[in-house]
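Shown next, in structure tokens, is the structure this report addresses.
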Amino acid sequence: MADAISGADGGGAAGAVPPTFAAVYCLAPTLAQLFTDPEVGINLAGLIHGEQRFEWPEPVHPGDIVDAEAEIVSVEEKRGMTFVGLDILATRQADSAVVCRGRSLMIVRGG
Amino acid sequence: MTSPTLASVSVGDEIASLTRTVTQEQIGAYAEASGDFNPIHLDAEFATSVGLPGTIAHGLLEMGILADAISRWAGSSEALASLEVRFSKPLRAGESITCNGKVVAVDEDQGLATMDVEAVSSRGERVLTNGRAVVRLTR
């Protein structure tokens, strides 16, 4: 899914977007697909963010168009909860440069 | 304050502690900004129905405050090469979060400083744990 980044403010001195703006260009588009997919069968309302890692090889700037893709890499049931691990990769369309690598652990209660 | 450089940074250096109060209004604004409208952040009745103490901040909002604390020390948010945390305890609406960090390794060849980072709530709970950040340093 491609997200055009526009009008972001409050970033670094050189006008990059804040690092955790990855919530918008990395997580939001991919999670929305994963967790509204009836085949995956996850109740979004019970979802808790367990862990998050981001790597930013390069800053993202307003105007960049970023593609994000995510893969479920682990699903584990324990203590009545489901732990879902995701790997996310975000690339800038203009030059295919990787701008963010993400790893998320999501916890679905009552899984 | 001048930004740290590879030559000036030492293991044991600490970032300036940063405290922010996270109000329900800010959580609502973060939902709008991030597109994450999970009702555990917005609807107190729903939040308590799933066993939470009330509405809680988005983990990534807390992580954003932590990234801000590190970026202020580094001199730019672009210096942040990576950041990871565990969201160990929920931060309730209206509570404050205090972020801290300490340099644990300096890689002269790569020009990187690795930091242990964490955040505690005004209730004294360790809300962000197992935190690790890598910062790019200028020579």
Residues satisfying the stated conditions in the range A:63-84, i.e. within 14 Å of chain B (Cβ to nearest Cβ), in a strand (DSSP E or B) and either closer than 14 Å to A:Val24 by Cα or modelled with pLDDT of 95 or more (or both): A:Ala68
Residues of the range A:90-105 satisfying the condition of being part of a strand (DSSP E or B), more than 14 Å from chain B (Cβ to nearest Cβ) and either closer than 25 Å to B:Thr129 by Cα or not hydroxyl-bearing (Ser, Thr, Tyr) (or both): A:Arg92
Close pairs from the range B:62-78: first more than 8 Å from chain A (Cβ to nearest Cβ), partner part of a helix (DSSP H, G or I) and open to solvent by less than 20 Å² (accessible area, probe 1.4 Å), Cβ under 7 Å, at least 6 apart: none
Qualifying positions in the range B:33-48 - in contact (Cβ under 8 Å) with a residue 24 or more places away in the chain and either among the basic types (Lys, Arg) or in a loop (DSSP other than H, G, I, E, B) (or both): B:Asp36
Residue satisfying all of: in the range A:45-62; more than 7 Å from chain B (Cβ to nearest Cβ) and within 14 Å of A:Ala90 (Cβ to Cβ); surrounded by the fewest Cβ atoms within 10 Å (Cβ to Cβ) among these: A:Pro57
Residue pairs meeting the criteria (Cβ under 7 Å; at least 6 apart or on separate chains; first at positive phi, in the range A:14-33; second not in a helix (DSSP H, G or I)): A:Gly15/A:His61; A:Gly15/A:Pro62
Unmet criterion (only one of (1) open to solvent by 60 Å² or more (accessible area, probe 1.4 Å); (2) at pLDDT below 75; (3) assigned to a helix (DSSP H, G or I)) for A:Asp9: (3)
Breaking point among (1) in contact (Cβ under 8 Å) with a residue 12 or more places away in the chain; (2) within 14 Å of chain A (Cβ to nearest Cβ), for B:Glu14: (2)
Tabulated pairs, the range B:81-93, first more than 7 Å from chain A (Cβ to nearest Cβ), second open to solvent by 40 Å² or more (accessible area, probe 1.4 Å) and modelled with pLDDT under 95, C-beta under 6 angstrom, 6+ apart or interchain: B:Arg92/B:Pro53
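Can we say B:Ala16 is assigned to a loop (DSSP other than H, G, I, E, B) and surrounded by fewer than 15 Cβ atoms within 10 Å (Cβ to Cβ)?
Details: assigned to a loop (DSSP other than H, G, I, E, B): yes; surrounded by fewer than 15 Cβ atoms within 10 Å (Cβ to Cβ): yes.
Considered against the rule, which asks whether it is assigned to a loop (DSSP other than H, G, I, E, B) and surrounded by fewer than 15 Cβ atoms within 10 Å (Cβ to Cβ), B:Ala16 comes out as yes.
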Hits in the range B:82-139 (condition: at positive phi and open to solvent by 20 Å² or more (accessible area, probe 1.4 Å)): B:Gly94, B:Gly124, B:Asn130
Residues that are within 17 Å of A:Leu27 (Cβ to Cβ) and in a loop (DSSP other than H, G, I, E, B), drawn from the range B:49-67: B:Ala57, B:His58
Residue in the range B:49-61 that is surrounded by the most Cβ atoms within 10 Å (Cβ to Cβ), counting only those that are without any contact (Cβ under 8 Å) to a residue 24 or more places away in the chain and either at positive phi or out of contact with any strand residue (DSSP E or B) (no Cβ under 8 Å at 6 or more places or on another chain) (or both): B:Ser49
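The values are calculated or read from the model by the stated rules, or taken from the named source; none is laboratory data. Since this is a predicted model, take the numbers as computed values, not measurements. With ideal geometry, Cβ positions are generated from the backbone for all residues, glycine too; neighbour counts draw on all protein chains shown. With ligands, DNA and RNA removed, areas are computed over all heavy atoms of the protein, side chains included. Shrake-Rupley method; radii C 1.70, N 1.55, O 1.52, S 1.80 Å.
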